[in-house]
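Data block below; observations after.
The values are calculated or read from the model by the stated rules, or taken from the named source; none is laboratory data. Predicted model, so just to flag it, every value in this text is computed and none were measured. Neighbour counts run over all protein chains shown; Cβ positions are idealised from the backbone, glycine included. Remember, those area values only see protein heavy atoms, side chains included, never the ligands or the DNA or RNA. Shrake-Rupley method; radii C 1.70, N 1.55, O 1.52, S 1.80 Å.
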Amino acid sequence: MADLTNMTIPRHVALILDGNGRWAKKRGLPRTMGHKEGCKTVEKTVEIAARMGIDYLTVYGFSTENWKRSVEEVGVLMQLFRYYMVRLLKIASENNVRVKMIGDRRRFDQDIIDGINRLEKETKENTGLTFVIAVNYGGRDEIVRAAANFCKDCREGKADETHLTEEVFASYLDTRDIPDPDLLIRTSGEIRLSNYLLWQLAYTEIYVTDCLWPDFNQEELEKAVVQYNSRERRFGGVTG
Ligand code: IPE
Ligand code: IPE
Ligand code: MG
């Protein structure tokens, strides 16, 4: 285990949890078994992040492009989602975790929408880690929905396009009230964003590990935090 004493703990960690399919394939199992195992890892990671003192953890659970997968795989993911939403209620209350979902939830079945609303409502007073789950989420989709809502507010006289700033625009995104991520972790070696948090990741430090998502653990998260501490964040300025 790495010694994190005197290290800066990133306030907001964003995760692209990738590699469930490959994890299963390596073991001769169906891809869906990888998703099952991956869900257990998400549960454990929430507890680890809460203990480590991370304030916001945002995980990419299902992208706007993941509907392209087979009906069987999407069906299993939806079933897992149903099951873990209920488990998360318990985990969130035990760990003082507030849960939020980003993405366009309108595409899900009504019982899933109801589950999401319940999870957010029943955990909203918790004061520890904010656990953000991106489902039916795409960065481009989020930006287009924000632009459409801004235009609507302009038409209705609630907003004024001559006063549009980055701050005003950000307040129309799903992540309003959530600070931008400090550290992005992607598992399983792929070096791309896959339409994740395109606006919010502007100055985020990126860490990619070959570890497949179901194998991710406290040690892997600590390695990412140690690496984060060796980075010099400049935000376009000059230091040193
Ligand atoms: C990530 O694992 C989980 C989701 C995208 C839902 P993958 O299913 O993408 O696993 P690989 O990339 O095929 O190994
Ligand atoms: C990104 O992983 C989406 C999630 C982790 C939910 P993908 O596996 O869908 O991304 P690509 O297709 O490899 O870019
Ligand atoms: Mg993948």
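Measuring spread by the Cα atoms of segment 69-179 yields a radius of gyration and Dmax of 16.4, 48 Å. Using the Cβ-Cβ distance between Glu122 and Arg234 with R0 set to 35 Å, the FRET efficiency from 1/(1 + (r/R0)^6) comes to roughly 0.30.
All other residues whose Cβ lies under 13 angstrom from that of Trp23 are scored, Lys and Arg at +1 and Asp and Glu at -1, for a net of +3. Of all accessible surface on the chain at a 1.4 Å probe, what whole percent is carbon and sulfur? For the chain, the apolar C and S fraction of the accessible surface comes to 50 percent.
Consider all pairwise Cα distances in the chain and report the whole-number % of them above 33 Å. Before the final figure, lay out the partial values.
Numbers: 5192 of 28680 pairs.
Percentage above 33 Å: 18.
The simple Förster model, with R0 at 45 Å and r as the Cβ-Cβ distance, assigns Phe169 and Leu29 a FRET efficiency of 0.55.
Remark: for residue pairs Lys124/Lys152; Lys124/Lys223; Lys40/Lys223, the C-alpha separation exceeds 25 Å in Lys124/Lys152; Lys124/Lys223.
Which pairs break 28 Å Cα to Cα here: Lys26/Lys90; Lys100/Lys158; Lys25/Lys100; Lys26/Lys68; Lys68/Lys90?
Numbers: Lys26/Lys90 32 Å; Lys100/Lys158 26 Å; Lys25/Lys100 32 Å; Lys26/Lys68 23 Å; Lys68/Lys90 32 Å.
With Cα atoms farther than 28 Å apart: Lys26/Lys90; Lys25/Lys100; Lys68/Lys90.
Phi angles across segment 26-42 convert, under the Karplus curve 6.51 cos²θ - 1.76 cosθ + 1.60 with θ = phi - 60°, into 3J(HN,Hα) values of 4, 9, x, 9, x, 3, 4, 5, x, 5, 4, 5, x, 5, 4, 5, 4 Hz, Gly and Pro given as x.
Projecting the Cα positions of Tyr137, Gly75, Thr41 onto the charge dipole of the chain (unit charges on Cβ atoms of Lys, Arg, Asp and Glu, taken about the Cα centre) puts Gly75 furthest along the positive direction. Per residue, the solvent-accessible area of segment 19-131 (1.4 Å probe, heavy atoms of protein chains only, all protein chains present) comes to 53 Å².
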